[in-house]
Amino acid sequence: MALLAALLAVSACGWLVGEDGIFRDRSGDYRHARLTPPLEIPDGLDQEAIEGSFGVPPIEDESQLQDEFVVPRPEALSQTPEQELVRIQRLGDEQWILVATSPGQLWPRLRGFLNINQIGVTRADAVAGILETAWLEPANEALLPERYRFRIDQGVQRGNSEIYVVQADRRAGDDWPEHSSNKERESLMTQELAQFLANSALAGSVSMLAQRAIDSEGKVFLRRDDERAPYLELFLQYERAWASLGLALEKAGFEMDDRNRSQGQYWVRIDPNKKDLAEEEEKRGWWRSFIGFFSWGGDDDGEGELVSYVVTLREQSPRILQITIARQDGAATPVGEADNLLKRIKRSIN
């Protein structure tokens, strides 16, 4: 009976999960996929209307591998473990809402905010990421009639978005001013919209028109010069890039020694072999952290030697900046070392 049961079990397994079973392993089916020729459009018809919906993006980040190396882990989707989904950022008189979602996902949420508050829309341009409201009558009779303009831009990081709000009253006429007529009213609308986005689920419908029109690849990239030395390329105005770089260095674990804005340089110190917080938490996992809590030695990653670096921000052209890192003592910075440190900065820039 035991032998018969074993034979039945083996045959049943083959029938269910074998090569010809119902639940067979399909992980290798892609190897048998055939490449079909592209669709041919007759002459006289629009060629640009047909495009691939799942195009493979180019490889932006490359790593210089040493003679002995460990296969690098994929970069985490979030920059830091405590990353917020929605927050208001300010730089001087300018403010914007940073949302950890793509422009295509954010566009329907912005339309929903206006619909729920019964705010009429006079212009909705998903390609430009712009929504303009009708004239509104404030509850305070001392205030002039006003309208608002919302603009969605791609954030610095891939998969992030930024919303800018401009308020205009009757004094501005029919043209939209460069800056709000009333900064207090702009701030109130910005706070209301940010609170709505924070309270509502960001997953859901997606505007494919906005997703395709507004670049979702981010504004910071790891590049290499002709000598294969790594650097970061950043597409921002210099004032914001300087402030964002300073915050990114702190979030990435660098210790600040000094800074010189006129030269675009930060003097910092860090252990180049220490993992950043996001990568370390992902690698440890909850079980290793649980075991480490009860171990006598605690965390076995000792404090390494701090190395002094100078991080330089240069303006290549308007809104195109370059970030490099080098050792302060003039010694050559190993390519792999500079590569890892620049990636830490890249993950922390907003």
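Going by what's in this entry, would Gln195 be described as out of contact with any helix residue (DSSP H, G or I) (no Cβ under 7 Å at 6 or more places or on another chain) and modelled with pLDDT under 95?
Details: out of contact with any helix residue (DSSP H, G or I) (no Cβ under 7 Å at 6 or more places or on another chain): yes; modelled with pLDDT under 95: yes.
Yes: the conditions hold for Gln195.
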Quiz item: Mind checking which residues of the range 221-271 are touching a residue at least 40 places away in the same chain (Cβ under 8 Å), within 19 Å of Gly304 (Cα to Cα) and of a type in the set (Asp, Glu)?
Solution: Glu255, Asp257
Quiz item: Is it the case that some residue within the range 265-272 is at pLDDT 80 or above, surrounded by 10 or more Cβ atoms within 10 Å (Cβ to Cβ) and not in a strand (DSSP E or B)?
Solution: yes
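For the range 106-162, which strands (runs of 3 or more DSSP E) that fit wholly inside it have 2 or more residues that are open to solvent by 60 Å² or more (accessible area, probe 1.4 Å) and under 19 Å from Gln195 (Cα atoms)?
Answer list for the range 106-162: 146-154.
The values are calculated or read from the model by the stated rules, or taken from the named source; none is laboratory data. These numbers were taken from a predicted model, which means no experiment stands behind them. Please note: Cβ atoms are built from the backbone with ideal geometry, for glycine as well, and neighbour counts cover all protein chains shown. Protein only, heavy atoms only, side chains kept; ligands, DNA and RNA dropped before computing areas. Shrake-Rupley method; radii C 1.70, N 1.55, O 1.52, S 1.80 Å.
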